[in-house]
Structures are given as structure tokens and as C-alpha cells.
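J.: Pasting a structure here, questions to come.
No value in this document is a laboratory result; all are computed from the given coordinates. Just so it is clear, the structure is predicted and the values come from calculations on it, not from any experiment. Methodologically, a virtual Cβ is constructed for each residue, glycine included, from the backbone with ideal geometry; neighbour enumeration extends over all protein chains shown.
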Amino acid sequence: MNEGPAPDGTARLRPPARADGPALRDLVARCPPLDLNSVYLYLLLAEHFPDTCILAEDESGLLGMVSGYRPPGRDDTLFVWQVAVDPRARGRGLGLDMLLGLLSRRAPNPARWVETTVGPGNRASRGLFSRLAARLGAPLDETALFDAALFGADAHEAEPLLRIGPFTPPVPESGRIP
Ligand SMILES: CC(C)(COP(=O)(O)OP(=O)(O)OC[C@H]1O[C@@H](n2cnc3c(N)ncnc32)[C@H](O)[C@@H]1OP(=O)(O)O)[C@@H](O)C(=O)NCCC(=O)NCCS
């Protein structure tokens, strides 16, 4: 399935496929502070969660991806795990367009809530989700979730939960204000 051009006209959006595993890992490696996972993990995402993940690409390769899933038993919620936009493609709305592209896909139970966790110091990610909430016309709420101590020996900042919603489908397909 090809979801067509991203609203910025320079990238195409589509769900991930098996063959994308290594390129997904390479993209995340170019996008600190994201945690880097194994190729196997990205293969699993493509195999089992293509309906809740999305890629952006152009002729030169992968430009961005959003991985997510519906938390078990909560079909009205999209949990966003990682958002990555290649440094060369940042600042032109691709992150927001991928999130809106995911939320505007046809689904038996369209999401009415978006959740994610964002470290206190990740200004870009916080800005992205604030912009998403504004575009959806929905409130954004923050509560504690994973304290730093829960990461064990790993030096990792806390990951509070951001929750956006409720919003009413259909959502706008583009981040740009019409
Ligand atoms: C966060 C990230 C995905 C944003 O991607 P992007 O395509 O550049 O974001 P967009 O162009 O769609 O920006 C949408 C909004 O996010 C906010 N934003 C984006 N980058 C920002 C930055 N560096 N600082 C502050 N706000 C930022 C802005 O509000 C922006 O809207 P505006 O341009 O109208 O002001 C990208 O910077 C990235 O991959 N970072 C590294 C990985 C990461 O931290 N991922 C998020 C954690 S899950």
C-alpha cells in the first residue's frame, strides 16, 4: 500500500514492510536521543504492526518513520513509540504529517487518543506533540509514568506520559493550517 505523497509534496508515506528492517534501524541510529533497537525488533514492527506504523521516503531513501501500537484492550488509543525524521528532512512538517497520516488511516475503531512518553529535555519532541494537540484541537495532559530509576543501570531520563485527546475522527491529513 502506498499512501501517496506527504502534504509537503517531496516525500511519500506508506506502512513499513519486511524489507525495511535494516533501513529503519539505520534511520533511528541517525536520530539520537532515540533508543536504538535491533534489526529484529524493526522486522517485528513491520510484520505485526504495519497498521500503526508509517514511513516517509523519497528517491534517496528513508526520511522518517513513526512506530506505534494500540495498547492491549484500549482500541481507542494510539501509543506512539518512536518518531524519527532524518536530520536532512527536519523542520518542514514531516514529523507532524506522519502522525496525522497514521491517525487519518481508515480503521474499524479510529483512535480518539494519542499517547507517548517524552523526556523532559526533548524540546523537539515536546514541540511536535504540542503542535499535534493543537492541530487536533484536543487537550494535552502530562503525568508521571516511567521514573529514571525504572531504567536500572542505564543512564536514562524519566519518561513521563503525554496524553492527547479526546478528539473526533476524521483528523486532518496535513499539519499545515488550511
Ligand atoms: C522530533 C522530530 C521527529 C521532529 O521532526 P520534524 O519533521 O522536524 O518536525 P516538524 O517539522 O513536523 O515540526 C512540527 C512541530 O514540532 C515542533 N518542533 C520540531 N522541531 C523542533 C525543535 N527542534 N525545537 C522545538 N520545537 C520543534 C514545532 O512546534 C513544529 O511546528 P512549527 O514548525 O510549525 O513550529 C525530529 O526532530 C527528530 O527526529 N528528532 C530526533 C528523534 C526524537 O527526539 N524523536 C522524538 C522522540 S519519540
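J.: On a full-extension model of 0.36 nm per residue, what is the gain between Arg90 and Trp113, subtracting their alpha-carbon distance, rounded to one decimal in nm?
T.: Details: separation 23, 0.36 × 23 = 8.28 nm, distance 2.52 nm.
Taking Arg90 through Trp113 to full extension adds about 5.8 nm, to one decimal.
J.: With a cut-off of 8 Å between alpha carbons and a minimum separation of six or more residues, what is the relative contact order of the chain in percent? Each step should come with its number before you reach the end.
T.: Numbers: 334 pairs, mean separation 32.5, N = 178.
Once normalised by length, the contact order is 18 percent.
J.: Another question about this same structure. Which value at 222 nm does the chain reach when only helices count, each DSSP H run of 4 or more adding -39,500 (n - 2.57), with the total divided by all residues and rounded to the nearest 500 deg cm²/dmol? Provide the component values of the computation, followed by the final result.
T.: On the way: 4 runs with 43 residues, N = 178.
The helix contribution divided over the chain gives -7500 deg cm²/dmol.
J.: Also: What is the calculated FRET efficiency for Arg30 to Thr168, with r their C-beta to C-beta distance and R₀ = 45 Å, to the nearest 0.05? Mind showing how you got there, number by number?
T.: Details: r = 36 Å, r/R0 = 0.80.
Approximately 0.80, to the nearest 0.05.
J.: Let me see the P(r) profile for the chain: every Cα-Cα distance counted, bins of 10 Å, each bin given as a percent of all pairs.
T.: The distribution over the chain is 9, 39, 40, 11, 0, given as percents.
J.: Under unit Cβ charges (Lys, Arg +1; Asp, Glu -1), what dipole magnitude, rounded to 20 debye, does region 12-164 have relative to its Cα centre? Don't jump to the answer; show the numbers that get you there.
T.: Details: 18 positive and 19 negative charges, 110 e Å.
It works out to roughly 520 debye.
J.: Could you tell me which residue out of Pro139, Leu27, Ala84 lies farthest along the dipole of region 12-164 toward its positive end? Charges go on the beta carbon: Lys and Arg +1, Asp and Glu -1, centred on the Cα centre.
T.: Ranked along the dipole, the leading option is Pro139.
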